[in-house]
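Engineer: Structure in structure tokens, see below.
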Amino acid sequence: MENKPIPTHVGIIMDGNGRWAKAHGVPRVMGHNAGMQAMKKIVKASSKLGVKYLTVYAFSTENWKRSVEEVSGIFNLIVKYVNSELEELDENNVHINIFGDYSMLPDASVKAIDKMVGRLADNNGLIFNIALNYGGRDEVVRSVKEIAAEIAAGKRAADDITEDDISAHLWSGSAHFDVPDADLIIRTAGDLRISNFLLWQSAYSELAFTDTLWPDFTEEEYASILENFGGRERRFGGRNEETK
Ligand code: IPE
Ligand code: IPE
Ligand code: MG
């Protein structure tokens, strides 16, 4: 039997926590807590299923528009996550990168994140990227600014800028392990949009949408989406019959 390809890098837009809370008649923060439980399971499943890079969208640069109560509830969950999962993440050889400037989060969250990232720094199993205060456009602007500064300092010429240079200055390219473009992006909860996630890195990503609300997303559904990915023909603008 032919072995189906597994996506090297999976991105997940973990949407639907609010709708899940509403359906269960509980506060939105409880929806985010349920979403965190789902995320724990999907992190473990990723290692098991052979995914090398997992990037989850946890908080966008636009999510600050939400109430202070909801935003601080989400940030408190980060501390809770670190306290409950750090040992096991380390045992499982998980490495964590944060995509986004998390310095403006509350002190306790920043400390918890620094502790987690530091503790897992030498691990090289699953590369787990958490997009936190992340925006795809913001990321491209940061990359361009860094390159512009190199030009202003006389270190390089504007004419020589390549796509690889832009990639190298994104969160994904400047992480400890170079994170390749996303092979597959999954969005839960039924909306058919990207919402500013991995804009540059998704140029040729396969997309998968499911109506399942994020807290209800299971390892079985994840495995079946990966299986479906394995059957897709990716052409990258070419014609596969010619290259075969
Ligand atoms: C996704 O769930 C989590 C974050 C954006 C932080 P939502 O909170 O957006 O859930 P819905 O879309 O309101 O259901
Ligand atoms: C995307 O979901 C962001 C995260 C999952 C963190 P949103 O709920 O913020 O997206 P929109 O507003 O529906 O596009
Ligand atoms: Mg949403």
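Engineer: Here is a list of conditions, (1) under 22 Å from Ala189 (Cα atoms); (2) under 15 Å from the mean Cα position of the chain (by Cα); (3) more than 13 Å from ligand 3 (Cβ to nearest atom), and Gly73 meets all of them except one; can you say which number that is?
Structural biologist: (2)
Engineer: Okay, next question. So in region 5-32, with the set limited to residues that are within 11 Å of ligand 1 (Cβ to nearest atom), of a type outside the set (A, V, I, L, M, F, W, C) and buried (at least 16 other Cβ atoms within 10 Å of the Cβ), which one is farthest from Leu184 (Cα to Cα)? Walk me through how you get there before you give the answer.
Structural biologist: If we filter region 5-32 for residues that are within 11 Å of ligand 1 (Cβ to nearest atom), which is where we start, we get 12-23, 28-29, 31-32.
Filter again for of a type outside the set (A, V, I, L, M, F, W, C), leaving 15-19, 22, 28, 31-32.
Still in the list and also buried (at least 16 other Cβ atoms within 10 Å of the Cβ): 15-19, 28, 31-32.
On the way: Asp15: 16, Gly16: 19, Asn17: 21, Gly18: 24, Arg19: 24, Arg28: 28, Gly31: 25, His32: 23 Å.
The selected residue is Arg28.
Engineer: Next question, about the same structure. From the set of residues in region 11-34 that are touching a strand residue (DSSP E or B) at 6+ places or on another chain (Cβ under 9 Å) and of a type outside the set (Asp, Glu), which is farthest from ligand 2 (Cβ to nearest atom)?
Structural biologist: Here is the first cut: in region 11-34, the ones touching a strand residue (DSSP E or B) at 6+ places or on another chain (Cβ under 9 Å) are 11-15.
Among the residues that remain, those that are also of a type outside the set (Asp, Glu) are: 11-14.
On the way: Gly11: 11, Ile12: 9, Ile13: 5, Met14: 5 Å.
Checking each candidate, the answer is Gly11.
Let's see how each residue does on (1) over 18 Å from Pro7 (Cβ atoms); (2) within 16 Å of ligand 1 (Cβ to nearest atom):
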position	(1), (2)
Ile161	yes, no
Asp164	yes, no
His169	yes, no
Asp183	no, no
Arg193	yes, yes
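Engineer: If you take the residues in region 186-206 that are within 13 Å of ligand 2 (Cβ to nearest atom) and polar (S, T, N, Q), which one is surrounded by the fewest Cβ atoms within 10 Å (Cβ to Cβ)?
Structural biologist: Per the stated criteria, the residue is Ser195.
Engineer: Looking only at residues in region 207-225 that are part of a loop (DSSP other than H, G, I, E, B) and touching a residue at least 60 places away in the same chain (Cβ under 8 Å), which one is surrounded by the fewest Cβ atoms within 10 Å (Cβ to Cβ)? Give the derivation first.
Structural biologist: Taking region 207-225 as the starting set, the residues that turn out to be part of a loop (DSSP other than H, G, I, E, B) are 210-213, 217-218.
Going one step further and asking which of them are touching a residue at least 60 places away in the same chain (Cβ under 8 Å), we end up with 212-213, 217-218.
On the way: Thr212: 16, Leu213: 25, Phe217: 23, Thr218: 13.
Ranking the qualifying residues of region 207-225, first place goes to Thr218.
Engineer: I would also like to ask the following. Would you mention how many residues in region 11-58 are within 16 Å of ligand 3 (Cβ to nearest atom), among the β-branched types (Val, Ile, Thr) and in a helix (DSSP H, G or I)?
Structural biologist: Adding up the residues that qualify gives 1.
Engineer: Could I ask something else about it? Starting from region 7-19, keep only residues that are on the phi > 0 side of the Ramachandran plot, then list their pairs with residues that are of a type in the set (Gly, Ala, Ser) and within 11 Å of ligand 2 (Cβ to nearest atom) whose Cβ atoms are within a distance under 7 Å, requiring at least 6 positions of separation or different chains.
Structural biologist: Gly16/Ala189
Engineer: Can you confirm whether Ile161 is of a type in the set (Val, Ile, Thr) and under 19 Å from Leu132 (Cβ atoms)? I'd like the intermediate steps shown before the answer.
Structural biologist: On the way: of a type in the set (Val, Ile, Thr): yes; under 19 Å from Leu132 (Cβ atoms): no.
No, not satisfied.
Engineer: Turning to a different aspect of this structure: Out of region 45-70, which residues are more than 14 Å from the chain's Cα centre (by Cα), buried (at least 16 other Cβ atoms within 10 Å of the Cβ) and of a type in the set (Gly, Ala, Ser)?
Structural biologist: Those that are more than 14 Å from the chain's Cα centre (by Cα), buried (at least 16 other Cβ atoms within 10 Å of the Cβ) and of a type in the set (Gly, Ala, Ser): Ala45, Ser47.
Engineer: Name the pairs: first residue in region 149-167 and surrounded by 10 or more Cβ atoms within 10 Å (Cβ to Cβ), second residue of a type in the set (Lys, Arg) and part of a loop (DSSP other than H, G, I, E, B), Cβ to Cβ under 6 Å, at least 6 apart or on different chains?
Structural biologist: Glu150/Arg156
Engineer: Looking at Thr188, Thr210, which one is farther than 21 Å from Gly136 by Cβ, within 16 Å of ligand 1 (Cβ to nearest atom) and at pLDDT 95 or above?
Structural biologist: Working: Thr188 fails: farther than 21 Å from Gly136 by Cβ.
Criteria check complete, one pass: Thr210.
Engineer: Would you be able to say whether some residue in region 3-10 is within 14 Å of ligand 3 (Cβ to nearest atom) and either farther than 18 Å from Leu89 by Cβ or modelled with pLDDT of 95 or more (or both)?
Structural biologist: No, that holds for no residue.
Engineer: If you scan region 59-72, which residues turn out to be part of a loop (DSSP other than H, G, I, E, B) and of a type in the set (Lys, Arg)? Show your work before the answer.
Structural biologist: So the first thing to find is which residues in region 59-72 are part of a loop (DSSP other than H, G, I, E, B), and the list is 61-62, 66-67.
Hit for region 59-72 is Arg66, nothing else.
Engineer: Considering only region 96-106, how many residues are surrounded by 14 or more Cβ atoms within 10 Å (Cβ to Cβ) and more than 21 Å from Ile186 (Cβ to Cβ)?
Structural biologist: We begin by selecting, within region 96-106, every residue surrounded by 14 or more Cβ atoms within 10 Å (Cβ to Cβ); these are 96-102, 105-106.
Still in the running and more than 21 Å from Ile186 (Cβ to Cβ): 101-102, 105-106.
Going through region 96-106 one residue at a time, the tally reaches 4.
The values are calculated or read from the model by the stated rules, or taken from the named source; none is laboratory data. Because the structure is predicted, anything quoted here is derived from the model rather than measured. Because the Cβ atoms are built from the backbone with ideal geometry, glycine has one as well, and the counts that use them run over all protein chains shown.
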